[in-house]
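Written below as structure tokens is the structure these notes are about.
The values are calculated or read from the model by the stated rules, or taken from the named source; none is laboratory data. Just so it is clear, the structure is predicted and the values come from calculations on it, not from any experiment. All Cβ positions, glycine included, derive from the backbone under ideal geometry; neighbour counts span all protein chains shown.
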Amino acid sequence: MSAIERAAQTLGLPRDGPSVSEEDVTPVAPAATVGIVAPARRRRMSLSRGRRLISPLVLLGIWQLTNAFKLISPEKLPPPSMVVTTASNLIFHPTPAFGSLQGAMAVSVQRFALGFALGAGVALLLALVAGLSRLGEATVDPLVQMIRTLPLFGLIPVFIVWFGIGSLPKILLVALGASVPLYLNTYSGIRSIDGRLFELSHVLKLNRRERLINVVIPGALPQALVGLRQSLGAAWLSLVVAEQINANAGLGFMINQAATFLRNDVIFVALTVYTLLGLLTDWIVRLLERRALAWRTDLVAQ
């Protein structure tokens, strides 16, 4: 019995039906092979993550070798081993000049969190207003474009005059730095949603809240997450600069103190912490992106 006849018998079709050659039958993969796809994909992702570590490790090795071969003075470019030792001393043996590393990091993270939450909240609200309303676009978008062209760090003396030398101007600078990229990307994401989806929402008689939840947010989410990653980087950059102006605590204050005492190793410790915190927040957003946009990942994998 041929494969065609066996298939016809299984489906209950008459054998004298239309003749079909065996080449026209698409072979179906055994069910056991379906379970192989997920582990294989996980192995590819693990391999990709491993490859991403190669260049940073090579850079660290070259950096360490510059000290081993006396190519650069450790006072100018402290090697990674010295940076790790200094970081350990700042954690377990804080000094009055620099304080503790964990204390400075806690102050900086608090400023960043408050500033980013404020800036992200305002940016998302303005993006919704400008993206969903022609009047909102005419009112909000020109103002945001004006703010975007302002030199952010040129506002530092103005904020100090307005708000003093405490944490408030630093938080506001972080908020301002974070808000513009997130607004621009979210606004662009809302405007790029297929108009037929809005027509369908009208046909289905969805109210504003349902339209926002089922059409606007899913449609704008990919672009908004891109803006979120950009705004995190801008927020950390704003914090680095803001904390070096009239600060009495935080990683920026530690950098200023280290510059006064010519301690490049302490400066590199603070910069390394800034970098690690930035990478951590970016990794969190990338993880959120994979979870929220799993359907896009599956489509690409196919």
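Listing for the model above:
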item	result
Output for the range 184-197, where each listed residue is of a type in the set (A, V, I, L, M, F, W, C) and either on the phi > 0 side of the Ramachandran plot or buried (at least 16 other Cβ atoms within 10 Å of the Cβ) (or both)	LEU184, ILE190, ILE193
From the options LEU237, LEU262, LEU228, LEU232, residue that is among the aliphatic types (A, V, I, L, M), assigned to a helix (DSSP H, G or I) and surrounded by fewer than 19 Cβ atoms within 10 Å (Cβ to Cβ)	LEU237
GLU210 vs. criteria surrounded by fewer than 17 Cβ atoms within 10 Å (Cβ to Cβ), acidic (Asp, Glu) and closer than 25 Å to GLU289 by Cα	yes
Verdict on ILE156 being in a helix (DSSP H, G or I), crowded, with 16+ Cβ neighbours inside 10 Å and either modelled with pLDDT under 90 or among the hydrophobic types (A, V, I, L, M, F, W, C) (or both)	yes
Looking only at the range 97-134, and only at residues there that are assigned to a loop (DSSP other than H, G, I, E, B) and within 13 Å of PHE253 (Cβ to Cβ), the one that is modelled with the highest pLDDT	SER100
Residue check, GLN257 part of a helix (DSSP H, G or I), in contact (Cβ under 8 Å) with a residue 12 or more places away in the chain, of a type in the set (S, T, N, Q) and over 17 Å from VAL180 (Cα atoms)	yes
Of the criteria (1) surrounded by 12 or more Cβ atoms within 10 Å (Cβ to Cβ); (2) in contact with a helix residue (DSSP H, G or I) (Cβ under 8 Å, 6 or more places away or on another chain), which one LYS76 fails	(1)
